[in-house]
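Asks: If you scroll down you'll find the structure; I have some questions about it.
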Amino acid sequence: MDLAGLQEGGYRIPLLLMAFLIGLGTALYHLGIRLAAPFVPKAQLWVDGRQGSWARLDAKSAALHGCLWMHCASVGEFEQGRPVLEAIKRERPDLPVLLTFFSPSGYEARKNFPLATHVEYLPPDSAANAERLLNLVRPKAAIFIKYEFWYQHLAALERGGVPTFLVSAIFRPSQPFFRWYGAAHRTMLKCFTHLFVQDTASRDLLNGIGVQHVIVSGDTRFDRVMAIIEKDETIPLAHSFREAGTTPVLIAGSTWPADEAILRTAFNGSSGNLRLVFVPHELTTAHLEELAGRFDKIATWSELEDADTPLLEGKNDRSVSAAPALLVDRMGLLSKLYKYADITYVGGGFGSGIHNTLEAAAWGKPVIFGPNHQRFAEAQGLIDAGAGFSVKDAEELSSLLKRFLNDPVALQNASKAASRYVTEHTGATKRVVRAVLAVL
């Protein structure tokens, strides 16, 4: 079917029907979260965080008039939008900024972000809420990051004549935009002034359905991770752990239980030739205690920071050098910790998808991850560059680690490839900022 040739009149019923179904799905999703809240802590945080959001927006309304509105799903998307926001604020320091999040993890992590005039949850996607938000803040421009498509909010922005940009987007043939039932999704694409996509494949897909206002800019995360490298902060405890031993260090970031299981097996099989740093994605007390209990000897970050607190029972050697494994129970350190690794592992690849591999690669470290990485262009890019390595079980991970431990040249080549890959893909931020500043 030639989707580019679809006539609006002939597909008015499917469009209206799909718009209704999108709205119904959103409403049911919100209801489901509220019903789950008493039993699921994350859902309760989602509900509690939205209490009083309109009152907070009302109080900030005057300060936000004429703002730049940036919306992100969670922390990862914020890291993509952050370099754009920072660059715009350098040019327009007095510009008010509304920063919204969908997830509690994003809101909680960045609710005090200093460049934002106000940080808030995105109001539920209804026509009334969308109009109310626009009337309150009257934005000059809006930026949505990567996968954020909210039908009523985008329609309200278009009706209001607000220039709206999609940043660091990536598209796949399986998405509704490119399917016979995707009329409402294709309508959302028309609401954007420009769609900044990561690659030419995304542009070609969009062009194929008649969407021409597309610019291949690359991924702004490359600029974000390079900014972290250039800042080059020192973390004394990580430096001490690195320098205390002579064996290579594997830093495993954003890990989930499935990642941790194969890492523990591979670590135990390394014959003491490797030291391991765990930075779990979930820092709940129960998970940290369970993970620590699986090792005969493991130090915990917070306990090493506090000289007056004994280490885990039976593991009371306070020397950093005595710990073959270190459990990081602090948030906000991971992107800087990778500096102290020889090899890195990024979690999530045995679940819905891997976390940020670029944070590790930017430091010039080979990156290992699980098999579920197909939705992440940078993962395939790292594999093609010789810097990324996918493993499906503990046996494959053990084999790969042994290769790196026994062949310094292979490790060095992978490290150089990682650094080169990130450096060659910077520059997306400048392309986006030029277009946004032109309408502010």
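Asks: What number of residues within segment 360-400 are free of Cβ contacts under 8 Å to residues at least 40 places away in the same chain and out of contact with any Pro (no Cβ under 8 Å at 6 or more places or on another chain)?
Replies: Residues of segment 360-400 that are free of Cβ contacts under 8 Å to residues at least 40 places away in the same chain, as a first pass: 368-369, 371-374, 376, 379-380, 382-389, 392, 395-396, 399-400.
After this cut, where a residue has to be out of contact with any Pro (no Cβ under 8 Å at 6 or more places or on another chain) as well, the list is 368-369, 371-374, 376, 379-380, 382-386, 395-396, 399-400.
The number of residues fulfilling the criteria is 18.
Asks: Could I ask something else about it? Leu274 is checked against (1) surrounded by fewer than 22 Cβ atoms within 10 Å (Cβ to Cβ); (2) within 19 Å of Phe404 (Cβ to Cβ) and fails just one. What number does that condition carry?
Replies: The single condition Leu274 does not satisfy is (1).
Asks: Now for a different question. State all residues of segment 191-208 that are part of a loop (DSSP other than H, G, I, E, B), surrounded by fewer than 19 Cβ atoms within 10 Å (Cβ to Cβ) and at pLDDT 95 or above; if no residue qualifies, say none. Spell out the reasoning first.
Replies: Initial filter on segment 191-208 (part of a loop (DSSP other than H, G, I, E, B)): 191-193, 198-199, 208.
Now drop any that are not surrounded by fewer than 19 Cβ atoms within 10 Å (Cβ to Cβ), which leaves 193, 199, 208.
Residues satisfying the conditions are Thr193, Gly208.
Asks: Within segment 399-433, can you find the residues that are among the basic types (Lys, Arg) and closer than 19 Å to Val84 by Cβ? Show your work before the answer.
Replies: So the first thing to find is which residues in segment 399-433 are among the basic types (Lys, Arg), and the list is 402-403, 416, 420, 430-431.
If the condition is that a residue be among the basic types (Lys, Arg) and closer than 19 Å to Val84 by Cβ, then Lys430, Arg431 are the ones that fit.
Asks: Would you point out the residue of segment 218-254, among those that are of a type in the set (Asp, Glu) and modelled with pLDDT of 90 or more, that is farthest from Pro324 (Cα to Cα)? Working first, answer last.
Replies: Restricting attention to segment 218-254, the residues satisfying the condition of being of a type in the set (Asp, Glu) are 219, 223, 230, 232-233, 243.
Going one step further and asking which of them are modelled with pLDDT of 90 or more, we end up with 219, 223, 230, 232-233.
Numbers: Asp219: 36, Asp223: 34, Glu230: 30, Asp232: 25, Glu233: 24 Å.
Among those that are of a type in the set (Asp, Glu) and modelled with pLDDT of 90 or more, it is Asp219.
Asks: Another question, then. Given the condition crowded, with 21+ Cβ neighbours inside 10 Å, in contact with a helix residue (DSSP H, G or I) (Cβ under 8 Å, 6 or more places away or on another chain) and assigned to a loop (DSSP other than H, G, I, E, B), answer yes or no: does some residue in segment 257-264 qualify?
Replies: Checked segment 257-264: no residue is crowded, with 21+ Cβ neighbours inside 10 Å, in contact with a helix residue (DSSP H, G or I) (Cβ under 8 Å, 6 or more places away or on another chain) and assigned to a loop (DSSP other than H, G, I, E, B).
Asks: Considering only residues that are out of contact with any helix residue (DSSP H, G or I) (no Cβ under 6 Å at 6 or more places or on another chain) and either of a type in the set (A, V, I, L, M, F, W, C) or outside the structural domain of Ala19 (by TED's automatic domain parsing) (or both), which ones fall in segment 151-164? Reasoning before the result, please.
Replies: Our first condition is that a residue be out of contact with any helix residue (DSSP H, G or I) (no Cβ under 6 Å at 6 or more places or on another chain); within segment 151-164, this holds for 155, 157-159, 161-163.
Those that are out of contact with any helix residue (DSSP H, G or I) (no Cβ under 6 Å at 6 or more places or on another chain) and either of a type in the set (A, V, I, L, M, F, W, C) or outside the structural domain of Ala19 (by TED's automatic domain parsing) (or both): Ala155, Leu157, Val162.
Asks: Which condition number does Arg403 fail, the rest of (1) in a helix (DSSP H, G or I); (2) at pLDDT below 95; (3) not β-branched (Val, Ile, Thr) being met?
Replies: Among (1) in a helix (DSSP H, G or I); (2) at pLDDT below 95; (3) not β-branched (Val, Ile, Thr), Arg403 violates only (2).
For every residue, the table says whether it meets (1) basic (Lys, Arg); (2) in contact with an Asp or Glu (Cβ under 6 Å, 6 or more places away or on another chain); (3) closer than 25 Å to Asp199 by Cβ.
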site	(1), (2), (3)
Asn372	no, no, yes
Leu382	no, no, yes
Ala394	no, no, no
Ser399	no, no, no
Asn406	no, no, no
Lys416	yes, no, yes
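Asks: Also, quick follow-up: So Pro236 passes all but one of these: (1) without any contact (Cβ under 8 Å) to a residue 24 or more places away in the chain; (2) crowded, with 18+ Cβ neighbours inside 10 Å; (3) of a type outside the set (Lys, Arg). Which condition number does it fail?
Replies: (2)
Rundown of residues vs (1) among the polar types (S, T, N, Q); (2) without any contact (Cβ under 8 Å) to a residue 40 or more places away in the chain; (3) not assigned by TED's automatic domain parsing to the domain that holds Val197, yes/no style:
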position	(1), (2), (3)
Asp48	no, yes, no
His65	no, no, no
Trp69	no, no, no
Gly81	no, no, no
Val84	no, no, no
Glu91	no, no, no
Thr100	yes, yes, no
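Asks: Continuing with the same structure: Answer yes or no: is there a residue in segment 298-305 that is in contact with a helix residue (DSSP H, G or I) (Cβ under 7 Å, 6 or more places away or on another chain), over 30 Å from Asp407 (Cβ atoms), at pLDDT 85 or above and not hydrophobic (A, V, I, L, M, F, W, C).
Replies: The answer is yes; a qualifying residue exists.
Asks: Let me ask something else about it. Out of all the residues in segment 252-267, is one or more in the same structural domain as Gly348 (by TED's automatic domain parsing), more than 25 Å from Gln374 (Cβ to Cβ) and touching a strand residue (DSSP E or B) at 6+ places or on another chain (Cβ under 8 Å)? Outline the logic, then answer.
Replies: Within segment 252-267, the first condition is being in the same structural domain as Gly348 (by TED's automatic domain parsing), and the residues that meet it are 252-267.
From the residues that got through so far, the ones that are more than 25 Å from Gln374 (Cβ to Cβ) too are 264, 267.
Add one more test, that the residue is touching a strand residue (DSSP E or B) at 6+ places or on another chain (Cβ under 8 Å), and what stays is 267.
The answer is yes, given that some residue of segment 252-267 is in the same structural domain as Gly348 (by TED's automatic domain parsing), more than 25 Å from Gln374 (Cβ to Cβ) and touching a strand residue (DSSP E or B) at 6+ places or on another chain (Cβ under 8 Å).
Asks: I'm checking my understanding of the structure. Among residues of segment 256-295 that are farther than 29 Å from Lys42 by Cα and polar (S, T, N, Q), which one is nearest to the chain's Cα centre (by Cα)?
Replies: Restricting to residues being farther than 29 Å from Lys42 by Cα and polar (S, T, N, Q), the top hit is Thr265.
Asks: Do the conditions hold for Ala428, that is, is it of a type outside the set (Phe, Trp, Tyr) and either crowded, with 19+ Cβ neighbours inside 10 Å or touching a residue at least 24 places away in the same chain (Cβ under 8 Å) (or both)?
Replies: Taking the combined requirement at face value, the residue satisfies it.
Asks: Take Arg34 and tell me if it is modelled with pLDDT of 75 or more, buried (at least 18 other Cβ atoms within 10 Å of the Cβ), part of a helix (DSSP H, G or I) and basic (Lys, Arg). First the steps, then the outcome.
Replies: Working: modelled with pLDDT of 75 or more: yes; buried (at least 18 other Cβ atoms within 10 Å of the Cβ): no; part of a helix (DSSP H, G or I): yes; basic (Lys, Arg): yes.
Here the answer is no, as Arg34 does not meet what is asked.
Asks: Which residue out of Ser398, Ser415 is assigned by TED's automatic domain parsing to the domain that holds Gly349, touching a Lys or Arg at 6+ places or on another chain (Cβ under 7 Å) and among the polar types (S, T, N, Q)?
Replies: Details: Ser398 fails: touching a Lys or Arg at 6+ places or on another chain (Cβ under 7 Å).
Criteria check complete, one pass: Ser415.
Asks: Sort out for me the strands (runs of 3 or more DSSP E) sitting completely within segment 93-174 that have 1 or more residues that are among the small types (Gly, Ala, Ser), modelled with pLDDT of 95 or more and buried (at least 16 other Cβ atoms within 10 Å of the Cβ).
Replies: Values: elements: 97-101, 118-121, 141-145, 164-169.
So the answer is 141-145, 164-169.
Asks: Here is a further query. Can you find even one residue in segment 406-416 that is farther than 19 Å from Ile251 by Cβ and outside any helix (DSSP H, G or I)? Walk me through it before giving the result.
Replies: At the first step, the residues of segment 406-416 found to be farther than 19 Å from Ile251 by Cβ are 406-407, 409, 413.
Of the ones still in play, those that are also outside any helix (DSSP H, G or I) are 407.
Taking every residue of segment 406-416 in turn, at least one turns out to be farther than 19 Å from Ile251 by Cβ and outside any helix (DSSP H, G or I).
The values are calculated or read from the model by the stated rules, or taken from the named source; none is laboratory data. Predicted model only: the values in this text are computed from it and were never measured. Methodologically, a virtual Cβ is constructed for each residue, glycine included, from the backbone with ideal geometry; neighbour enumeration extends over all protein chains shown.
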